[in-house]
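Note sheet for the following structure.
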Amino acid sequence: MSTTHYARPSDGQVRLMTKIARMYHERGVRQAEIAAALSISQAKVSRLLKRAESVGIVRTTVTVAPGVYADLEEALEDRYGLTEAVVVDVGPDADEAETLASIGAGAAAYLEATLGGTDRIGVSSWSQTVLAMVDRLRPFTVRGATEVVQLLGGVGAPESQSHSNRLLNELARMLGAEPVYVPAPGVVAGPTIRDSLLADPSMQEVTRHWRELTMAIMGIGSIEPSNVLATSGNAFATEERADLLGAGAVGDICHRIFRADGSLVRGDLDDRIIAIPVDDLMRIPRRVGIAGGPRKLDAIQGALAGGWVTTLITDLRTAEDLTA
């Protein structure tokens, strides 16, 4: 790569560069107008503006807004190979509910800023954190996505079913997208039942949608289930959780269980899951993990270690722990 070396400018050149820089950067005068006012070419104006930067007459500074943790986000991105990290401000004494609300608000703002209207979005619909995001979304004035698809079996106990339905319905409504449901539970009694359900034409159609996703929005679960998941009928039984912990499990995404190094815990339990296959999940270009709080720290670290997510949205304290 070649480097341009400038001779030291004369006093007259310094004066002209300073004048042009002030007109352009401070007064907002366009380059063509500067050229006409000073009777020089527009090309020369552009050249002198660049030189003003190279000799230090113009210096670019970025002022970080309060509540934005750019350095911490970059540290997370560098350390874990993330495409993007979003760190949400929380108070030092925030409890789990307040942390959840803050992360949800940060995730909603992220979606509002980044969706372009053509995405096909997969969503883990038993996640309290994702629901916190949906509850804080504002309706898009133009279409935010073409469809939102459940990534995990969406059928559960009647008293908890409203959670999964409301999450997908509301997200689709806010984005102006079509909802696509998984007409099956997340966990079934055995692999034969799972295979039979997956062979059904309605599930074959869902499988096709899974393979066309451009983005996933997912909670990162700890092995101990949330209250919603625990009562949904889609959580693992106590003895199953004990077996998972014995196998080194630290967390899950869409019921795909992983260890601290991010490796998948396979076995009988994984063969009973109705959810997007791991290979299809990992092919989704943008995989957004939304989680935070001390209870989720090990799970988040495992998800990052295994490359399960490309974007992480988390709270300030968790981000500090992840980069300590």
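What to note about this one:
- Selected residue [out of contact with any Leu (no Cβ under 8 Å at 6 or more places or on another chain) and either on the phi > 0 side of the Ramachandran plot or touching a residue at least 12 places away in the same chain (Cβ under 8 Å) (or both)] from Ile103, Ile40: Ile103
- With respect to the conditions (1) closer than 26 Å to Gly190 by Cβ; (2) buried (at least 21 other Cβ atoms within 10 Å of the Cβ); (3) of a type in the set (Gly, Ala, Ser); (4) at pLDDT 95 or above, Gly251 lacks only one, and its number is (4).
- Any hit, segment 120-129, residues being of a type in the set (Lys, Arg) and in contact with a strand residue (DSSP E or B) (Cβ under 8 Å, 6 or more places away or on another chain): yes
- Only one of Glu239, Glu224 that is assigned to a loop (DSSP other than H, G, I, E, B) and more than 30 Å from Gly144 (Cβ to Cβ): Glu224
- Segment 283-297: number of residues that are in a loop (DSSP other than H, G, I, E, B) and surrounded by 24 or more Cβ atoms within 10 Å (Cβ to Cβ): 2
- Residue count for segment 24-47 satisfying the condition of being over 41 Å from the mean Cα position of the chain (by Cα) and in a helix (DSSP H, G or I): 11.
- When Glu112, Glu26 are checked against the criterion of being at pLDDT below 90, more than 30 Å from Ala324 (Cβ to Cβ) and charged (D, E, K, R), a single residue qualifies: Glu26.
- Residue match in segment 271-282 (condition: modelled with pLDDT under 90, more than 15 Å from the chain's Cα centre (by Cα), part of a helix (DSSP H, G or I) and farther than 18 Å from Val130 by Cα): yes
- Arg120 satisfies every condition listed in (1) crowded, with 18+ Cβ neighbours inside 10 Å; (2) under 30 Å from Arg22 (Cβ atoms); (3) not aliphatic (A, V, I, L, M) except (2).
- Within segment 201-224, the residues that satisfy the criterion of being farther than 16 Å from Pro277 by Cβ and in contact (Cβ under 8 Å) with a residue 12 or more places away in the chain are Ser202, Thr214, Met215, Ile217, Gly219, Ile220, Gly221, Ser222, Ile223, Glu224.
- Of all residues in segment 132-153, those that are crowded, with 23+ Cβ neighbours inside 10 Å and not hydrophobic (A, V, I, L, M, F, W, C) total 3.
- Checked against (1) of a type outside the set (A, V, I, L, M, F, W, C); (2) under 22 Å from Ala305 (Cα atoms); (3) part of a loop (DSSP other than H, G, I, E, B), Asp268 passes all but a single condition, namely (2).
- So Leu213, is it within 22 Å of Arg283 (Cα to Cα), assigned by TED's automatic domain parsing to the domain that holds Gly267, buried (at least 20 other Cβ atoms within 10 Å of the Cβ) and under 16 Å from the mean Cα position of the chain (by Cα): yes
- With respect to the stated conditions, Ile300 fails to be within 16 Å of the chain's Cα centre (by Cα) and part of a strand (DSSP E or B).
The values are calculated or read from the model by the stated rules, or taken from the named source; none is laboratory data. Remember, predicted model here, so these are calculated numbers, not experimental data. Positions of Cβ are backbone-derived with ideal geometry, glycine not excepted, and every protein chain shown enters the neighbour counts.
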